[in-house]
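Note sheet for the following structure.
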Amino acid sequence: MSDRQAVIASSRESVGAFVRAARAVPATKWAFPRAPGKWSPAQVTEHVTFSYEQSLRMVRGTYDEPPPVGPFTQMLARWLFLPVLFRREKFGKGLKAPDFIRPTMSPPSSTTLLNRLEAAAHDLEADLAAASNGKGQSVAHPVFGHLPLGHLVHFLAIHTNHHTPQVTPA
């Protein structure tokens, strides 16, 4: 299996696990935070969905919002944060989501969000699979700067795995 195929498989597995967990959330708990100051399962799902949708916009060159950080901070994030994240395969605590992927106060229904998430993840995987060799194509990420497409999809898989327990019913 090539690195590209492994990244696609990892993404598919993480999105599948997340979607199964989110679909298992009872409707009575969908819009309520799991603890004070935490996001509801609906907001977590919207956040993960935004992550894939905005990443797809980056890949397709339609993301046009200004970066929340400058080039030097992007370089540091890419060179210091990402290697540690990829090695550990998990996020640390205390990180805040950037504004461009923060959820709203009233997310759409679970059906709407999960359909959007699956569509964006599928399209992103298709774009990665279509890349000539999986190495040369990069995206301009607002936090990490120029990032190889495979790294973006790997990051998203780890991110999605991070949020799956937050929608898993107790």
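The values are calculated or read from the model by the stated rules, or taken from the named source; none is laboratory data. All values derive from a computational prediction rather than experimental measurement. As a convention, Cβ positions derive from the backbone with ideal geometry for all residues, glycine included, and neighbour counts pool all protein chains shown. Side chains included, ligands, DNA and RNA excluded: accessible areas come from the protein's heavy atoms. Shrake-Rupley method; radii C 1.70, N 1.55, O 1.52, S 1.80 Å.
List of remarks:
- Cα-based helix-to-principal-axis angle, 149-167 vs the chain, degrees rounded to 10: 20 degrees
- In a simple Cβ point-charge model (Lys, Arg +1; Asp, Glu -1; nothing else charged), the range 38-120 has a dipole of about 400 debye relative to its Cα centre.
- When trypsin sites (Lys or Arg not before Pro) are flagged only if DSSP places them in a loop and at most 13 other Cβ atoms lie within 10 Å, the longest unflagged stretch of the chain comes out as 39-89.
- When the surface is traced with a 1.4 Å probe over the full set of protein chains, residue 49 keeps roughly 0 Å² accessible.
- Nearest-ten-degree value, helix 41-60 long axis tilted from longest Cα axis of the chain: 20 degrees
- The C-alpha atoms of the chain define a longest principal axis, and helix 3-23 lies at about 10 degrees to it.
- Lys, Arg +1 and Asp, Glu -1 on Cβ, resulting dipole of the chain about Cα centre, debye, nearest 20: 560 debye
- Taking every alpha-carbon pair under 8 Å whose residues sit at least 6 apart, the range 65-170 reaches a relative contact order of 41 percent.
- Accessible area per residue was computed with a 1.4 Å probe on protein heavy atoms; residue 141 scores about 20 Å².
- Considering only 48, 121, 149, the residue lying farthest towards the positive end of the dipole of the chain is 48, judged by Cα position with unit charges set on Cβ.
- Cα gyration tensor, the range 27-131 - rounded (a/c under 1.5), prolate or oblate: oblate
- In the context of the full set of protein chains, the range 49-128 has a per residue accessible area of 60 Å² (1.4 Å probe).
- Carbon/sulfur fraction of accessible area - the chain, other protein chains in place, 1.4 Å, %: 58 percent
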